[in-house]
Amino acid sequence: MLDGARIQRWIKAAVPWWVPRLVLVAAWAGAFVAAAVGDPSSCTAADPGVCGPDVTLAVVIVVLLATPILLWWLPLAGCGAGVLFAVLDLVLDDEPVARVAFGVFGLLCLAVAAWLVVARRRQAAIVAEAAGTVRLDERLREDRPGWGWRTAAAVALSMAGAGGLAWYGHRDAQVAAHEAAAVRTDAVIRSADNASGVVTVGVPEPVRVDVVGSYRAGQVVPVLVDGSWVRLVAEPEDVTVWLSAGLGALALAGILLFREQSRRSARRRLSRGPLAAVEVAADLAVADRAVMFGGRALVPVLPAPFLPPDPSVNDGADSSVNDGADSTANHDEHEYEDGADDEDGDGAWTVEEVEEFGREWRGESPPSRVRGSEPQTVTVAGDLRDGGWVVLITDSAVLLPEAPLRMPMRSPESVPDAPPGVPLPSAGREELTELPVVLRPRPRERVLGALSLLGFAAGPAVVLAGLPEDWWQTLVVLWLGGSLTYGGWRRLTARAELTKGGLVVHGRMRVRHVPWTRLHGVRRDDKGLWIAWEPGDAIHLTGVADRWGGVIMRLRDLSLAAGDPGREVTDRLGSGPAVVFAYVLVAAATLWWTRH
């Protein structure tokens, strides 16, 4: 077990969180401001390239803008991005102020990157002084099937990135055609709004033109005119923002895919063993994460499919985790029909803790001490360092990593949820009714949902009517329409069905089937019913009468009395994703139509 002296050495060896996330981000901001202020160039008709499109800059700026994000999210990758941009700026930029500013920033990133690498090696060396070995059960070698959220997000970003690149190619061809057919002439600026970047020129009809530079009313400027298309010669139309957006989306998709693949690879590597392992005290009070070393180390975790018995850690000798019991706990997000999210997952609950949770939820026993409020000794196997992948082994579970170990900015607080409201007793036999029964929210909620669904047509209609003046206003209107559509569909379709086989819950994105024997109990508050199954899984049915809570408890009791062995909680995709996808298609068609 790591003693106090080694733990203190391990903590002191780490790079303080504020170095990459605050110092380097501030240095990036300083370099950016210095480069902007120190650039004396201005738009001129003699050299349109100064304010015109620059494909190279559009590509390089992706690295520039990604640097502060990566410094906060993935410090080592952020340092690498900072060094890469500094090199590119030295090669491609002619402005001496920018070259010096980003050159200094690149050196700082290089120094912090070296510090991070050395610090992580020191932490690994400290752990190795007290480490033994452990081997996990072979049945843990296969990772869980299915996509993680990172993969799904990466697919969506890849589609958006491809769309951005395609749109850039389309718009670039349009601009090239206009410039080839345009006639050059002089025009008088009738009005200038330099704060908004818009001027009105007479050609001879007044036309609004977006600009970057500063102009004044009455100024004569050369322009290019092709029908209704008008641009200042000094400022050619620049559509490379779509190139940057597309490349940025693809870059983020690549990072997410890399993280997902790293997670899967780490899990396979950790399950093959033998692994270096030590015993440490960990706080598991809040599910889905393990906090160690007094809050100075945090690992997002998820229980393995099997729950093996407690392993032992031997100095220099392998040990195995064998003969685990099956566990098929549900680990999806927990839906609340009133719109609140329950962030807690299942965590590593023992059989005794599950039974105690059920008794507390049903009001059969007073609330006990918070689960895991006292740190417990766990075996940590793998690469115990900042950015390393580790697996945690408790008396009753193997906790697989969802992300690498990280050094949090502050010690996470363990604030487990207390059961809401008051418990409801089982209903009498006379209150039972014919099944199935569908429980829905208040009629007011459904009416509000139906009205919100008008956003499906209202958002695109506002855009097609030409009311938004700028591209960002168009995106805001479409986003609001999508939010109304999604929220309205959720309110309109949210329901719970009482069937002979169990409770069917229609949530935001998924439909869950919960056998009666899996329910822990029903509680009520001033808004409706709380129904819990599997510790940490609960829904809030608003506007439902108390009598239905008693009926649910009665159906649970009858199922238990009949000796129903109980099936597992199952789920499937609901209709929400299809509605979102349909709206995205409509929004995309709207954007295409307005551009043509």
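The values are calculated or read from the model by the stated rules, or taken from the named source; none is laboratory data. Quantities reported herein were computed from a predicted structural model and do not represent experimental measurements. Note that each Cβ is placed from the backbone with ideal geometry, even for glycine, and that neighbours are counted across all protein chains shown. What goes into the accessible areas is simple: the full protein's heavy atoms, side chains included, and nothing from ligands, DNA or RNA. Shrake-Rupley method; radii C 1.70, N 1.55, O 1.52, S 1.80 Å.
Summary of values
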{"read-out": "Test: residue in the stretch 152-164 that is under 28 Å from TRP17 (Cα atoms) and either modelled with pLDDT of 95 or more or polar (S, T, N, Q) (or both)", "value": "no"}
{"read-out": "Flag if SER271 is surrounded by 14 or more Cβ atoms within 10 Å (Cβ to Cβ) and at pLDDT below 90", "value": "yes"}
{"read-out": "Condition broken by THR433, with the remaining ones in (1) of a type in the set (S, T, N, Q); (2) more than 30 Å from ARG171 (Cα to Cα); (3) assigned to a helix (DSSP H, G or I) satisfied", "value": "(3)"}
{"read-out": "Selected residue (only one of ALA245, ALA277 is small (Gly, Ala, Ser) and not in a helix (DSSP H, G or I))", "value": "ALA277"}
{"read-out": "Residues within the stretch 201-229 that are over 18 Å from THR44 (Cα atoms) and of a type in the set (S, T, N, Q), tallied", "value": "1"}
{"read-out": "Test: residue in the stretch 1-20 that is under 23 Å from ASP210 (Cβ atoms), among the acidic types (Asp, Glu), in contact (Cβ under 8 Å) with a residue 24 or more places away in the chain and open to solvent by 60 Å² or more (accessible area, probe 1.4 Å)", "value": "no"}
{"read-out": "ARG547 vs. criteria of a type in the set (Lys, Arg), touching a helix residue (DSSP H, G or I) at 6+ places or on another chain (Cβ under 7 Å) and buried (at least 23 other Cβ atoms within 10 Å of the Cβ)", "value": "no"}
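Rundown of residues vs (1) part of a loop (DSSP other than H, G, I, E, B); (2) over 30 Å from LEU116 (Cβ atoms); (3) at pLDDT 85 or above, yes/no style:
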position	(1), (2), (3)
ALA427	yes, yes, no
GLY449	no, yes, yes
GLY459	no, yes, yes
TRP472	no, yes, no
VAL477	no, yes, yes
